[in-house]
Every structure is written in C-alpha cells, then in structure tokens.
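The values are calculated or read from the model by the stated rules, or taken from the named source; none is laboratory data. In this text, all values refer to a predicted model and were calculated from it rather than measured experimentally. In this analysis, Cβ positions are derived from the backbone assuming ideal geometry, glycine residues included, and neighbour counts consider all displayed protein chains. Remember, those area values only see protein heavy atoms, side chains included, never the ligands or the DNA or RNA. Shrake-Rupley method; radii C 1.70, N 1.55, O 1.52, S 1.80 Å.
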Amino acid sequence: MATDLPVDLVLGLAASLLTAATFIGILWVVGGNLTIDAASLTLTIAGYLVVAVVIYSIAVAAMTMLIGRRLTDVLQENKRAEAQLRAVGTHVRESGESTAPGLKGDDGIRAIHPALKAVISSWLNYCWQLVRLTIITHTNSLLTPVIGVLLCMPKYVAGTMLLGEVVQAAAAFVVVQGACSWFTDNYPRLAEWAASANRVASLLLALDKIDQCQTCDESARTGR
C-alpha cells in the first residue's frame, strides 16, 4: 500500500495535468474575456472561465480537506485494529491446535471480542468519513455543468456568445474542472497511502530503536 499507491497516483496526476493543459486553452479561447460595468467602473476579466474553474476547484479541495481532515487518523486506527484482531486470532487458533494450555473456549472468545469490537468501530468511522466525501464528489459532479452554463449566460444574453459556443465552453469547463479535481477525487487514496506510510515509518523507527539498544548492550558487555 505504501509503495504501489504512489505510482498510480502519480500517473493519474500526470494525466490530469495533461488534460487540464489541453482544455484550458480551449476554455480560454471560447470563453474569452468578461467585462463588468459597475457604476463608473469597468472591470475586464481575461479568461474569466479559467479563473472561475480554478477558484471553484480550490474551494472544493478546501472543503474536502476540511471534511476529511480525520480520514488519515481513522485509517491508521482501522489498520491498527485489524492487525490486532489478526494477531489475537492467530494466537487463539494456534492455542486451539496445540495441546499446550492457552486461550481456548470462552477464554478465546473473551480475547477476540474486544479486538473485533474495535475493528467494527473503526470501520464504522471509516464508512462515515467516506459517506461525507462521497457527498462532496457527487455534488461537485452534478453542479459543475450547471455552473459552467451559468457562467456563460451573461455573454449569451448580451449576444457576444452563440449557443454552440456556450455548449462548447460548458463542456470544456467540466473537463478542466474534472482534471483540477484530481486531489478531491483521490483524497481517500491519498489518506490511505499516508496511513500506510506512517505505519511503515513507525515500524522502521521501532526497528532502528531496537538496533540501537542492542548496540548499546553489546558495548556495555564488551566494556567499550
């Protein structure tokens, strides 16, 4: 998990960057500039659809980070609870297969029950996090085409943009926003990678600490 996911994520990011670079040019040309007259001031926004899609994507990404900020911790707890359950289950199974006294019968059930309860609790927390993130991603996919059309309506009403150009600009807006939503769409996978990498890092630190302790013990025994 800590090594395979980065490869897939980087490939997806590269594809999103290439798609965004291609369609941003189309969106810039088709959308053109937007001139806003307010009182005695005239404001011209160059490539306003590109500016709008960038701002919108940043807002969606910020909302995703805000709502899913606990996802990495929840995943780490989930992996820890599952590992604990596997360890307890393996111990109970080995004790049941051997003739040596160990965790058998009711003792085994009492040992497994807390670990299983922790796994179920961690999975419920994980599912709740995924539900909230899924609401964001699906709401985003539904709103993006509507926002693209609404942004083109002022120029269409003013007669400076044809209906075909509105459809083309809205379609390019959806493609660019989808490319810019790479972070939002892959946030659960990023959190899963972070949780796995943190567990690997913790294991490596623990192994380094053991090596240091063994080195200190050997030095003490040899008098060095």
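Details
For every residue, the table says whether it meets (1) touching a residue at least 60 places away in the same chain (Cβ under 8 Å); (2) out of contact with any Pro (no Cβ under 6 Å at 6 or more places or on another chain); (3) of a type in the set (A, V, I, L, M).
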position: Pro154; (1), (2), (3): yes, yes, no
position: Ala169; (1), (2), (3): yes, yes, yes
position: Cys180; (1), (2), (3): yes, yes, no
position: Asn186; (1), (2), (3): yes, yes, no
position: Trp193; (1), (2), (3): yes, yes, no
position: Asp208; (1), (2), (3): no, yes, no
position: Gln212; (1), (2), (3): no, yes, no
position: Thr215; (1), (2), (3): no, yes, no
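- When the range 47-84 is limited to residues that are hydroxyl-bearing (Ser, Thr, Tyr) and either within 18 Å of the chain's Cα centre (by Cα) or open to solvent by 40 Å² or more (accessible area, probe 1.4 Å) (or both), the one that is modelled with the lowest pLDDT turns out to be Thr72.
- Residue check: Ile36 meets all listed conditions (1) part of a helix (DSSP H, G or I); (2) free of Cβ contacts under 8 Å to residues at least 60 places away in the same chain but one, namely (1).
- Answer from Ser181, Ser121 - the residue that is surrounded by 13 or more Cβ atoms within 10 Å (Cβ to Cβ) and closer than 30 Å to Ile36 by Cβ: Ser181
- Scanning the range 195-224 for residues that are modelled with pLDDT of 85 or more, open to solvent by 90 Å² or more (accessible area, probe 1.4 Å) and either among the β-branched types (Val, Ile, Thr) or over 30 Å from Ser122 (Cα atoms) (or both) yields a count of 0.
- Out of Leu17, Leu5, sole residue that is open to solvent by 40 Å² or more (accessible area, probe 1.4 Å) and part of a helix (DSSP H, G or I): Leu17
- Restricting attention to the range 127-156, the residues that are surrounded by 17 or more Cβ atoms within 10 Å (Cβ to Cβ), under 15 Å from the mean Cα position of the chain (by Cα) and either farther than 20 Å from Ser57 by Cα or among the basic types (Lys, Arg) (or both) add up to 1.
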